[in-house]
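Participant: Encoded as structure tokens, here's the structure I'll be asking about.
The values are calculated or read from the model by the stated rules, or taken from the named source; none is laboratory data. None of the values given here were measured: they were computed from a predicted structure. As a convention, Cβ positions derive from the backbone with ideal geometry for all residues, glycine included, and neighbour counts pool all protein chains shown. Accessible surface is based on the protein model in full, side chains and every heavy atom, while ligands, DNA and RNA are left aside. Shrake-Rupley method; radii C 1.70, N 1.55, O 1.52, S 1.80 Å.
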Amino acid sequence: MSTWLRDETPPGPARDEARRRDVFAVLRDEGRHQIGQVTAPGAGWLASATAIPRSALALWEDEPAAPAVVPCGTVFDAVNVPAVFGRRMLEQLWSDGPGSGPVALHRGRMLLFAAPGSAHRLPALLRWEEWGAAVPPMLCHGTGDAITIPPLAPPPAAPGSGPRWLVAPDTRQPWLPGPEVLLWACVRAARAASAASVRISIFPPADQDAKVYDVSRRR
């Protein structure tokens, strides 16, 4: 998946229709879920957050391996937490909770995509929560904010490094956790971190990057 399909059709309605059908053909794989790779419907969902979705899709077609900037607040919010704590949150969401929405890793931080309005509500809920003080500092991106998302098609030379999707958008309308679900995950993760700090083990920690999340559970 190192190249994108190019359309040589002359400009006009025929080309627009061909582009609509084939612009993300390289991302399509109907036979299986692609947990770390954005699908064509997922790309359309991300583009819908921008002012001009069609322009965003055209730009991503030209540069599929480049990160992109998308606004928050209308289609989704994003909760930005340290990577280690974020992995604990994911463990809780997928083991005992409803699963997660799209999740990205960027510069040692984890971005959990959430329902619009979560960026405003979650900090307030944490202030009232007994375990709120144990949650590491987080950034909540909502209306008026923008985030950098990983490439839709990561470079094949270094698939495990740099910005990347841990749970990639795979549908036009992905399920997104609200502030109450994220609060629950934060509290459970903080409790787990507290218990781990007093636990002594002779075994090394598991490779957290090796986690596989069953996206079919979150529907």
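Participant: Taking the condition of being in a loop (DSSP other than H, G, I, E, B) and either modelled with pLDDT of 95 or more or among the acidic types (Asp, Glu) (or both), how many residues in the stretch 53-68 meet it? Break it down stepwise before answering.
Facilitator: Start the filter on the stretch 53-68 by keeping residues that are in a loop (DSSP other than H, G, I, E, B), which leaves 63-67.
Applying the additional criterion that residues be either modelled with pLDDT of 95 or more or among the acidic types (Asp, Glu) (or both) yields 63.
Qualifying residue count for the region: 1.
Participant: Pairs under 9 Å by beta carbon, first residue closer than 18 Å to ALA104 by Cα and open to solvent by less than 30 Å² (accessible area, probe 1.4 Å) in the stretch 46-66, partner of a type in the set (S, T, N, Q) and outside any loop (DSSP other than H, G, I, E, B), six or more apart or different chains?
Facilitator: As it stands, the answer is ALA47/SER55, since those pairs meet every condition given.
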